[in-house]
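Undergrad: Here it is: the structure, laid out below.
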Amino acid sequence: MLKWLNKQWKERQLFWSCLAALAGLVFTVVPLYIIALFNYPTSDDFAYADSLYRNIHKGAGISTMIRDAFSEALSFYHGWQGRYFDDLVSAFGIGVAVPKYYFIGTYVVLTGFVCAELLLIYRILHHICGWDKKVVWSISAFVLMMQIWYVPYASEAFYWYVGATGYTGTYMLMLFLFAALTYYYGVKVKKKKIVPGIAAMLLAVMIGGSNYATGLVTLEILVLAFVIGKLTGKRCLFLFCITMEYTCAFLLNALSPGNANRMHNVEGMSPLHSILESLHRAGIFCTEWFHLPILIMILFVTAISLGSLSVMKFRFRLPGLMTLCSFGLYASVLTPPLFADGTWGPGRLINILYYLYIIFSISNVLYWAGWLVHRSKKAREMVQRTDLENRVSIPMLLAALVCILISVKWMGLQSVNPASAALSLLHGEAQEYRTENEERWAVYTDSKKADAVVPAFSARPYVLYHDDITADPTDWRNTCTASFFGKKSVKLEAE
């Protein structure tokens, strides 16, 4: 009887700690979903979807809308950039043309981001590594919370349509691609390979036509996976086909006429200099982003993972090489912008670097922990006897949550994106921001005014506000907005 009660208590500990972690994830995303309802298109959105807006305004047919939106995306491919998939998504931005639907972009990106990360971590840790589901869900929830809480530029990560879909959205697609590949190679029945195989082929084309930072990382991981597969004697024909397909899509993007035209207007670094600077800057970001909540997450995840690591047949060889390779992949996010125009890249690209920072940090810590556990039989037996994930998972979780709350209070609630969103809602800032945007939209759509002059925003919620027009009507943001609404000029009121 005592043994049964002890077993039930241990199982309940892990279950309730898992449930608490998932509840924390729910509380993390709820404020972000709610505040999205008060968002509005911003100045840079108006560089796209103007054909869609005009056709909706004129009452044109669906075929005309689709034809003109495709034509607009094609003009960007030839005149500005090769990101054909991003351009299509931007040109068909229904929320930009009809602001009451603008929140849909956030909902798709945020939901897809959460689902893709949960799916990939679950596929790797449960289906491939054989870890307990409750441990896997706990780890997934904590990783996602840290990614969402402290993503450096929340407005560009989830709320600005063109930026969010082109960067966080592409990162999401990359995760789905790797999840599809793990499923393809994880099933033995050929019929069950059809759906993930087709999904992988479609995703490869989409990611290849998106931003170059995610594109480069995806290509590197595909090549690395293929090389490891061949060295270990695995059958990698489909992976080879996906890699070749993806390479062609990526080259179609990188070698576009638009990119050639754009490169004439900027001056970047040499290939070697851009790689070295990528490594240097990535190292700086590692130190800047490491703080107490991240440390607490790493300690909690490591503690509940030790038992699973100890029973794995994998021996975690060459941990130093693992760290070097993962750091190189992480740093390569910065290489394309440094090579193209000598900068680290915009905030939306730094967000991708941050997502990978969290993933690679956890992965490396767990790999090194696995290496240490498998150093000796005594170490494995000691870990298995301790049974941390079942014995003390609830105290560990409570301690982690208390420490995180204390550190959040110390660092300030505004430093945490969900808390910042909740405060904006409670103080009426988000509501005021939407009201001011609606007033602007009324001015922009007033056919009696050829020159639109609008006041600057008095409310700027951190997670929503991205950018604005200026008092200079010749500023590119102003000219894009003016072109979108058919105005002669648009500018802010002089202060």
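Undergrad: For the stretch 186-278, which helices (runs of 4 or more DSSP H) that fit wholly inside it have 1 or more residues that are surrounded by 15 or more Cβ atoms within 10 Å (Cβ to Cβ) and of a type in the set (Ser, Thr, Tyr)?
TA: It comes to 212-231, 237-254.
Undergrad: Before we move on, is Gly428 surrounded by fewer than 19 Cβ atoms within 10 Å (Cβ to Cβ), touching a residue at least 40 places away in the same chain (Cβ under 8 Å) and among the small types (Gly, Ala, Ser)?
TA: Judged against the criteria, Gly428 is not a match.
Undergrad: Quick one: Pro31 ticks every box in (1) within 30 Å of Glu432 (Cβ to Cβ); (2) at pLDDT below 90; (3) touching a Ser or Thr at 6+ places or on another chain (Cβ under 9 Å); (4) not hydrophobic (A, V, I, L, M, F, W, C) except a single one, so which number is it?
TA: (2)
Undergrad: Which members of the stretch 437-495 meet the condition of being exposed (fewer than 13 other Cβ atoms within 10 Å of the Cβ) and polar (S, T, N, Q)?
TA: Scanning the stretch 437-495 gives Ser447, Ser458, Thr474.
Undergrad: Next up: I need a count of the residues in the stretch 472-489 that are touching a residue at least 24 places away in the same chain (Cβ under 8 Å) and assigned to a loop (DSSP other than H, G, I, E, B).
TA: Number of matching residues: 3.
Undergrad: Let me ask something else. Could you list, in sequence order, the residues of the stretch 354-378 that are farther than 19 Å from Leu125 by Cα and in contact (Cβ under 8 Å) with a residue 24 or more places away in the chain?
TA: Tyr354 - this is the single residue of the stretch 354-378 that is farther than 19 Å from Leu125 by Cα and in contact (Cβ under 8 Å) with a residue 24 or more places away in the chain.
Undergrad: So, in the stretch 70-83, how many residues would count as being in a helix (DSSP H, G or I) and over 13 Å from Tyr48 (Cα atoms)?
TA: Residues flagged as in a helix (DSSP H, G or I) and over 13 Å from Tyr48 (Cα atoms) within the stretch 70-83 amount to 2.
Each row is one residue, and each column tells you yes or no for (1) among the basic types (Lys, Arg); (2) buried (at least 19 other Cβ atoms within 10 Å of the Cβ); (3) farther than 30 Å from Ala442 by Cβ.
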| position | (1), (2), (3) |
| --- | --- |
| Asp44 | no, yes, no |
| Tyr53 | no, yes, no |
| Ile104 | no, no, no |
| Val108 | no, no, no |
| Leu125 | no, yes, yes |
| Asp132 | no, no, yes |
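Undergrad: Residues in the stretch 466-490 that are out of contact with any Ser or Thr (no Cβ under 7 Å at 6 or more places or on another chain) and at negative phi: how many?
TA: The total comes to 12.
Undergrad: Residues in the stretch 306-348 that are among the aromatic types (Phe, Trp, Tyr) and assigned to a loop (DSSP other than H, G, I, E, B): how many?
TA: Qualifying residue count for the region: 3.
Undergrad: Has the stretch 85-99 got any residue that is of a type outside the set (A, V, I, L, M), closer than 28 Å to Tyr354 by Cβ, surrounded by fewer than 18 Cβ atoms within 10 Å (Cβ to Cβ) and at pLDDT 90 or above?
TA: No, the stretch 85-99 contains no residue that is of a type outside the set (A, V, I, L, M), closer than 28 Å to Tyr354 by Cβ, surrounded by fewer than 18 Cβ atoms within 10 Å (Cβ to Cβ) and at pLDDT 90 or above.
Undergrad: Any idea which residue in the stretch 129-175 is nearest to the chain's Cα centre (by Cα), counting only those that are outside any helix (DSSP H, G or I) and over 16 Å from Val108 (Cα atoms)?
TA: Val151
Matching residues to (1) modelled with pLDDT of 85 or more; (2) in contact with a Cys (Cβ under 9 Å, 6 or more places away or on another chain); (3) closer than 21 Å to Leu14 by Cα; (4) not aliphatic (A, V, I, L, M):
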| residue | (1), (2), (3), (4) |
| --- | --- |
| Gly307 | yes, no, yes, yes |
| Met322 | yes, no, no, no |
| Pro336 | yes, no, no, yes |
| Asn351 | yes, no, no, yes |
| Ser361 | yes, yes, no, yes |
| Gly370 | yes, no, yes, yes |
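Undergrad: Sticking with this one: Might you check whether a residue that is part of a loop (DSSP other than H, G, I, E, B) and modelled with pLDDT under 90 occurs anywhere in the stretch 394-411?
TA: Looking through the stretch 394-411, none of the residues is part of a loop (DSSP other than H, G, I, E, B) and modelled with pLDDT under 90.
The values are calculated or read from the model by the stated rules, or taken from the named source; none is laboratory data. Because the structure is predicted, anything quoted here is derived from the model rather than measured. Reconstructed Cβ throughout: ideal geometry from the backbone, glycine too, with neighbour counts over all protein chains shown.
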